[in-house]
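The values are calculated or read from the model by the stated rules, or taken from the named source; none is laboratory data. All figures in this text were calculated on a predicted structure; none of them were measured in a lab. Quick reminder, even Gly has a Cβ in these numbers, built from the backbone with ideal geometry, and neighbours come from all protein chains shown. Quick note on the areas: whole protein, heavy atoms, side chains included, nothing else; ligands and nucleic acids left out. Shrake-Rupley method; radii C 1.70, N 1.55, O 1.52, S 1.80 Å.
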Amino acid sequence: MYTVKGKADKDHLLTEHIPLVKRLAHHMKAKLPPSVEVDDLVQAGMIGLLDAINRYEETHGAQFETYAVLRIRGAMLDELRTSDWLPRSMRQNMRKIEVAMSTLQQRLGHPPSESEVAKLLKMSLADYQEMLGDGGGHQLLYYEDFHDADGDSDSFLDRHYVDEDSDPLRSLLDTDFRQCVIDAIDALPPREKILMGLYYEEELNLKEIGAVMGVSESRVSQLHTQAVARLRATLREQAWTGPA
């Protein structure tokens, strides 16, 4: 795996981690619209893997696979962003949900229910759930979160971003952001916390999670979108107040 000069054999790393790229691509595709091709995700992921191989140094302190996963997923998310697969209007709807959740969390002192969020948004519960369904594939992180492209002063990653030349994904490994995410997941309502565990830790797909939870696949998609919105709202709030 190493040359006589002690440097990682890039070809070996590339070959060894191709299955990882494909697994991450299929995992991400499971929650995206049919219009997104898994081959496009794989291609973007391979670019991310190559970037990880070129950038990685053992002195970073993280295991290569940990670092590679971040860069592979980041490349896939960047591909989705540039492809504009989630319309701007849908992003705006998700932002409205996040703001409503943050407002209600502060007002009520606990994670708001779907009915409470729908009421604040002046929508019926059915319409709110339809909005969640339309937002399937909403991500915890978007590349624009690092750059505040719209001039949104409350970009919740601003405090983790150093400068234009820094590597934002690398920065996340070196900050308390990961622990913030863990804490935010732990604060989710029990049902959504279980869902996130089944999806991200057990790596079950939406259909399998539905079978475990006794709900439809579309309902799992709604709950997943809602959980991601809660996490983003929590992380944005922490950007203002700092971790508890």
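Odds and ends about this structure:
- Here ASP158 fulfils each of the conditions (1) modelled with pLDDT of 55 or more; (2) open to solvent by 20 Å² or more (accessible area, probe 1.4 Å); (3) not basic (Lys, Arg) apart from (1).
- Count of the stretch 105-127 residues, restricted to those that are open to solvent by 70 Å² or more (accessible area, probe 1.4 Å), charged (D, E, K, R) and in a helix (DSSP H, G or I), is 3.
- In the stretch 188-236, the residue that is nearest to TYR128 (Cα to Cα) out of those that are over 17 Å from the mean Cα position of the chain (by Cα) and of a type in the set (Gly, Ala, Ser) is SER218.
- Single residue of the stretch 188-218 satisfying the filter (assigned to a loop (DSSP other than H, G, I, E, B) and modelled with pLDDT under 90) that is farthest from GLU65 (Cα to Cα): ASN205
Condition check ((1) in contact with an Asp or Glu (Cβ under 7 Å, 6 or more places away or on another chain); (2) modelled with pLDDT of 85 or more; (3) among the β-branched types (Val, Ile, Thr); (4) open to solvent by 60 Å² or more (accessible area, probe 1.4 Å)) across all residues:
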| residue | (1), (2), (3), (4) |
| --- | --- |
| GLN43 | no, yes, no, yes |
| GLU58 | no, no, no, yes |
| LEU80 | no, no, no, no |
| ALA100 | no, yes, no, no |
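- Residue in the stretch 175-187 that is least open to solvent (accessible area, probe 1.4 Å), counting only those that are outside any helix (DSSP H, G or I) and modelled with pLDDT under 85: THR175
- Restricting the first member to the stretch 178-198 and to residues that are over 16 Å from GLU114 (Cβ atoms), and the second to residues that are in a loop (DSSP other than H, G, I, E, B) and modelled with pLDDT under 85, the beta-carbon pairs closer than 9 Å and six or more apart or on different chains are GLN179/PRO243; CYS180/PRO243; VAL181/LEU140; ASP183/PRO243; ASP183/ALA244.
- If you check VAL220, VAL215, VAL228 for being of a type in the set (Val, Ile, Thr), surrounded by 17 or more Cβ atoms within 10 Å (Cβ to Cβ) and more than 25 Å from ARG107 (Cα to Cα), only one passes: VAL220.
- For the residues ASP145, ASP167, ASP84, the requirement of being in contact with a Ser or Thr (Cβ under 8 Å, 6 or more places away or on another chain), at pLDDT below 65 and within 22 Å of ALA44 (Cβ to Cβ) singles out ASP145.
- Taken as a whole, the condition of being at negative phi, at pLDDT below 90 and in contact with a Lys or Arg (Cβ under 8 Å, 6 or more places away or on another chain) applies to LEU172.
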